[in-house]
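Report on one structure; see the data block that follows.
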Amino acid sequence: MTSRVLLLHSGGTIGMCPSPDGYRPLDGFGAMLQQTLNSGTAAVPVFDVVELDNLIDSSNLQPSHWTTIANELLERWDQFDGFVVLHGTDTMAYTASALSFMLRGTDKPVILTGSQIPLVEQRSDTIENLQAAMLLAADTSIREVCVCFGRRLLRGNRCSKLRTRSFDAFDSPNYPWLADIGIDITLHKERLLPPSIPAFTVPEFDPHAVIVLQFYPGIQARMVEAMLDSDLVRGVVLRSYGVGNAPDADEPLMAALAKAVERGIVMVSTSQCIIGGVTQGAYASGAMLNRIGVAPASDMTLEAAFTKLHVLLASGMNTTDIRNQFAQALSGECQQVVDR
Ligand code: ASP
């Protein structure tokens with residue numbers, strides 16, 4: 001049976017055109033894309049294109065866009081075998097991660113792609129990325145949310161944008177590529193998530209609920225208190241040093257964090273290093289975070305930890321359960337075993 005793939009266009013460089021102020025989204029890009037793919041020689045599955053009403057540069061992404069994108073996909077879920085989401089590269093890893101938690105246990109491929117050079121410009125990487133994404137979206141052995149970009153298929157919640165000026169903008173430092181895209185497309189099936197039971201949740205997000213707090217030399221307790229002193233904040237992703245270390249000699253700073261945890265804010269820790277992860281407690285300076293009640297987020301990317309926290313909070317889960325969910329992978333986002 002022929003596979004049918006939906007292309008959902010949300011914005012990004014792929015569909016932009018030059019303007020006096022630089023690249024901007026081009027309305028009607030979906031129709032142009034349809035025409036280009038239909039008139040070209042590109043071997044692609046049968047497809048339909050849907051364009052969101054409000055195309056954005058993905059630096060304007062808000063958590064509400066995740067709800068919109070997931071709803072657009074789910075409205076058409078039964079009509080297609082796979083889905084390709086066209087998205088700007090700047091925040092593609094956030095959306096891929098968010099969708100991986102919202103469409104947990106997906107039984108169909110959901111593949112995000114975009115480009116570094118718009119389709120309308122010379123030397124665009126659009127067709128190459130899109131063609132690979134569409135072929136992979138027609139492969140029913142993939143049951144997860146992925147990013148296909150620059151000749152590689154990556155697990156969506158394991159990847160980050162690491163390069164601004166190369167075609168291979170994305171990588172997943174803590175998980176091997178799911179497919180290598182060369183003369184052949186080599187899908188590494190043993191690296192894919194196993195089939196599981198769909199547990200979809202498409203919540204309304206509170207955009208202010210989660211903040212990111214990075215340690216740096218000279219960080220001040222006063223500034224951290226000011227950030228945490230808002231009723232809006234319910235979750236914090238800490239960017240700790242190395243294997244999960246904190247400036248524990250700064251007592252007022254540690255007290256500010258402890259006070260926030262006592263007030264019910266869920267605090268999780270990711271490493272500022274992109275390779276490896278946190279082993280909170282390997283050093284006394286990290287053990288302090290254990291005592292405060294900060295949940296270590298293993299080898300998760302910032303994007304994965306941030307969106308996991310958002311999705312769990314928006315789904316109404318309580319603080320203790322959310323903390324426990326960080327000790328395990330929900331959608332392949334981290335190593336299962338976490339030191340606590
Ligand atoms: N600023 C653009 C965006 O994220 C960059 C890109 O798509 O490559 O929408």
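Annotations for the structure displayed:
- Test: residue in segment 71-93 that is under 25 Å from residue 166 (Cβ atoms), part of a helix (DSSP H, G or I) and within 22 Å of the chain's Cα centre (by Cα): yes
- Members of segment 106-133 that are more than 16 Å from the ligand (Cβ to nearest atom) and more than 16 Å from the chain's Cα centre (by Cα): 107, 108, 122, 131, 132
- Odd one out for residue 72 among (1) away from the ligand (no atom under 16 Å from the Cβ); (2) acidic (Asp, Glu); (3) at pLDDT below 95: (3)
- Neighbours by Cβ (under 7 Å, 6+ apart or cross-chain): first from segment 1-23, assigned to a helix (DSSP H, G or I); second within 15 Å of the ligand (Cβ to nearest atom) and polar (S, T, N, Q): 13/89; 13/115; 13/116; 14/115; 14/126
- The set of residues in segment 156-180 being touching a strand residue (DSSP E or B) at 6+ places or on another chain (Cβ under 6 Å) and away from the ligand (no atom under 16 Å from the Cβ) consists of 172, 175, 177, 178, 179, 180.
- Selected residue [out of contact with any Ser or Thr (no Cβ under 6 Å at 6 or more places or on another chain), more than 19 Å from residue 104 (Cα to Cα) and touching a residue at least 24 places away in the same chain (Cβ under 8 Å)] from 260, 327, 314: 260
- Of all residues making up segment 218-236, the number that are part of a loop (DSSP other than H, G, I, E, B) and either within 25 Å of residue 329 (Cβ to Cβ) or in contact (Cβ under 8 Å) with a residue 12 or more places away in the chain (or both): 6
- Only one entry of 226, 221 meets the criterion of being at pLDDT 95 or above, of a type in the set (A, V, I, L, M) and exposed (fewer than 12 other Cβ atoms within 10 Å of the Cβ), and that entry is 226.
- Residues of segment 24-59 classified as away from the ligand (no atom under 16 Å from the Cβ), outside any loop (DSSP other than H, G, I, E, B) and in contact with a Ser or Thr (Cβ under 6 Å, 6 or more places away or on another chain), total: 1
- Pair list, Cβ under 7 Å, 6 or more apart: segment 78-89 residue closer than 14 Å to residue 9 by Cα and of a type in the set (S, T, N, Q), other residue assigned to a loop (DSSP other than H, G, I, E, B) and near the ligand (Cβ under 9 Å from one of its atoms): 89/12; 89/114; 89/116; 89/169
The values are calculated or read from the model by the stated rules, or taken from the named source; none is laboratory data. Everything numeric in this text was worked out from a predicted model, so none of it was measured. Backbone-built Cβ (ideal geometry, glycine too); neighbour counts: all protein chains shown.
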